[in-house]
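Worksheet: one structure, shown below.
The values are calculated or read from the model by the stated rules, or taken from the named source; none is laboratory data. Please read all numbers here as calculations on a predicted model, not as lab measurements. Every residue, glycine among them, receives a Cβ derived from its backbone with ideal geometry; neighbour counts consider all protein chains shown. To get the accessible areas, we keep the full protein, side chains included, count just its heavy atoms, and leave off ligands, DNA and RNA. Shrake-Rupley method; radii C 1.70, N 1.55, O 1.52, S 1.80 Å.
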Amino acid sequence: MTAREQLLAEAAKRILITDGAFGTEIQNWKLSEADYAGDLGLTKDQKGNNDILALTKPEVPETITREYLEAGSDIVSTNTFSANLISQADYAAEHLVREINVASARIARRLADEYAAKDGRPRFVAGAIGPTNKTLSLSPDVNDPGFREIDFDYLKGVYREQTDALIEGGVDFILIETVFDTLNAKAGVMAVLEAAEDLGRDVPIMMSMTLTDLSGRNLSGHTVEAFWHAVRHAKPVTIGLNCSFGAEQLRPHVKTLSQIADTLIMVYPNAGLPNELGEYDEQPATTAGLVREWAAQAQVNILGGCCGSTPAHIAAIAKAVGELPPRELPVPPVVTRLAGLEPMTMAA
């Protein structure tokens, strides 16, 4: 059975649980620059380069991953949100991209297999690919709207390097997450599809959009429905939302997506919004109560947490939705669906 088939089979039985945040959990370790840098001899300050810990202090991502598995996660993601050439260039660590991704994927794979062996319940690994700090749809120069720092083919190559390394490390899926620019996501999709073609096998894609305003659009201006129309051709095994403003504000957008997408819905919101100190105050019971509403209305298949969420949040979510049935996949009518910033459906 392929990873795609196995995930769909498990998701038909119950609501699955993914993991929570890495960044805010890593902050709790109060690491020094020397902890991040290790003995790699890099020329720039490494403090804050969370991804490099797979090489310099692997016990950190390993401990966090283990805590999420203990909390009930069926899916764990790799600590590789910024493990790409563009983001690692800020730390003069571009040459370590492959090594970081392979190491991080192997940590998650080993632990997922360990927990699956204990109780026979499958555990899955999602190779996390973030959006980078560049955008293909928008100019960074207000005086030159046509200017772009990078082009599509360059970004596709950046994603391809990361994808290949994550697959080498043993991930089940590639998770293109926190999509603020739909064109960036499409470069990621192309990279994964090309990698799958070269391997001669299916590499399932997970897609997760982040909303940047309360009207329900991402930074490139796409609505949730338009985003789905734009990426549906990739046959993602999950589509969903993450980060954003917390669960309360995501409610109408989760409902919209659940009604139109003929694939699994995965939602992992922030634990509310950060306070003045940049810390997240929303308690596990609150987050769990909010996401349970979606589950009770059969709108989701997979739940977890993003910024500010902890293993305690994941455990509370798992407990809250444990007895609720999963969402059944709809069978939408076959029509031509297109997308600009708004969705367009051509009448039959």
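Worth a mention:
- Per-region count, the stretch 21-32, residues surrounded by 15 or more Cβ atoms within 10 Å (Cβ to Cβ) and within 23 Å of the chain's Cα centre (by Cα): 5
- Residue count, the stretch 35-50 (criterion: of a type outside the set (Phe, Trp, Tyr) and in a helix (DSSP H, G or I)): 3
- From the list Asp45, Asp35, Asp51, the lone residue that is of a type in the set (Asp, Glu) and surrounded by 20 or more Cβ atoms within 10 Å (Cβ to Cβ) is Asp51.
- The residue that is nearest to Ile86 (Cα to Cα), counting only those in the stretch 126-153 that are β-branched (Val, Ile, Thr) and surrounded by 11 or more Cβ atoms within 10 Å (Cβ to Cβ), is Thr132.
- Test for Leu183: is it assigned to a helix (DSSP H, G or I), touching a strand residue (DSSP E or B) at 6+ places or on another chain (Cβ under 8 Å) and in contact (Cβ under 8 Å) with a residue 40 or more places away in the chain: no
- When Thr18 is tested against (1) at pLDDT 95 or above; (2) β-branched (Val, Ile, Thr); (3) farther than 18 Å from Gly127 by Cβ, only condition (3) is not met.
- Scan of the stretch 100-110 for residues that are free of Cβ contacts under 8 Å to residues at least 60 places away in the same chain and surrounded by fewer than 22 Cβ atoms within 10 Å (Cβ to Cβ), ordered by number: Arg110
- A single member of Gln299, Gln283 is touching a residue at least 40 places away in the same chain (Cβ under 8 Å) and open to solvent by 10 Å² or more (accessible area, probe 1.4 Å), and it is Gln299.
- Matching residues in the stretch 309-325 - criterion: being in contact with a helix residue (DSSP H, G or I) (Cβ under 9 Å, 6 or more places away or on another chain) and open to solvent by 20 Å² or more (accessible area, probe 1.4 Å): Thr310, Pro311, Ala312, Ala315, Ala316, Ala318, Lys319, Ala320, Leu324, Pro325
- For the stretch 187-246, the tally of residues that are out of contact with any strand residue (DSSP E or B) (no Cβ under 8 Å at 6 or more places or on another chain), outside any helix (DSSP H, G or I) and open to solvent by less than 30 Å² (accessible area, probe 1.4 Å) stands at 2.
- Taken together, the residues in the stretch 241-269 that are in contact (Cβ under 8 Å) with a residue 60 or more places away in the chain, on the phi < 0 side of the Ramachandran plot and not aliphatic (A, V, I, L, M) amount to 6.
- Just one of the listed residues (Asp262, Asp202, Asp172, Asp181) is more than 22 Å from Gly20 (Cα to Cα) and under 16 Å from the mean Cα position of the chain (by Cα), and it is Asp181.
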